[in-house]
Amino acid sequence: MPDAKVKYYSGGCVVGFDYFYAMVRKLLHFFLPAVLLMLSLAFPSCDKDKDHDEIPFAYVNFHINPNSTFYWRINSPGGWEYLTAEEPSRGIIVYRETLEEFKAYERTCPHDPFEPDSRIEVEPSAITAICPVCGTKYILLDGTRFEGPGKRPLKQYRTSYNGSILHIFN
């Protein structure tokens, strides 16, 4: 009577069941985590959280003179100004941090960028901004959220200042 742990294959090869089982375990041990990782990257979370929506890309590239009387609100540190930009942007907030440093933020609320009325507004303190729809508040010094349901900071654009002309771009 043949041994119960021996499996006979066509061609006369004899392979022990324990050896076969060990090889399958090694293959599963190696490939299963890789397959699961690929599947988790290919199919992200199914729950719909508003903070997963991306703000639509808007091309931003323009120059202003922040020291002119036209932009009188940003003539000194702590000042801010609303600027218009091409669609789908809802505008830009320019904040003058110091005499030489500026911050530029998208006015579209990062919590729900597809809500048509969600446009960030600077509060009377001139150091914080709020979305009137969801109530999320942001600090204009760095764009971080400090209150409200939103989880992401304001979308920030790059700035370059040469002493007279401010370049705002992405």
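The values are calculated or read from the model by the stated rules, or taken from the named source; none is laboratory data. These numbers come from a predicted model, not from an experiment. Heads up, the Cβs are rebuilt from the backbone with ideal geometry, glycines too, and the neighbour counts pull from every protein chain shown. With ligands, DNA and RNA removed, areas are computed over all heavy atoms of the protein, side chains included. Shrake-Rupley method; radii C 1.70, N 1.55, O 1.52, S 1.80 Å.
Return a yes/no flag: does the range 53-75 have any residue that is touching a His at 6+ places or on another chain (Cβ under 6 Å), at pLDDT 95 or above and of a type outside the set (Gly, Ala, Ser).
Going residue by residue through the range 53-75, those that are touching a His at 6+ places or on another chain (Cβ under 6 Å) are 63.
Now narrow it down to the ones that are at pLDDT 95 or above: 63.
Right, trim to of a type outside the set (Gly, Ala, Ser) and you get 63.
Yes, that holds for at least one residue.
So Gly150 ticks every box in (1) closer than 23 Å to Asn61 by Cβ; (2) small (Gly, Ala, Ser); (3) in contact (Cβ under 8 Å) with a residue 40 or more places away in the chain but one. Which box is left unticked?
(1)
So Asp3 ticks every box in (1) at pLDDT 90 or above; (2) in a loop (DSSP other than H, G, I, E, B); (3) open to solvent by 50 Å² or more (accessible area, probe 1.4 Å) but one. Which box is left unticked?
The one condition Asp3 does not meet is (1).
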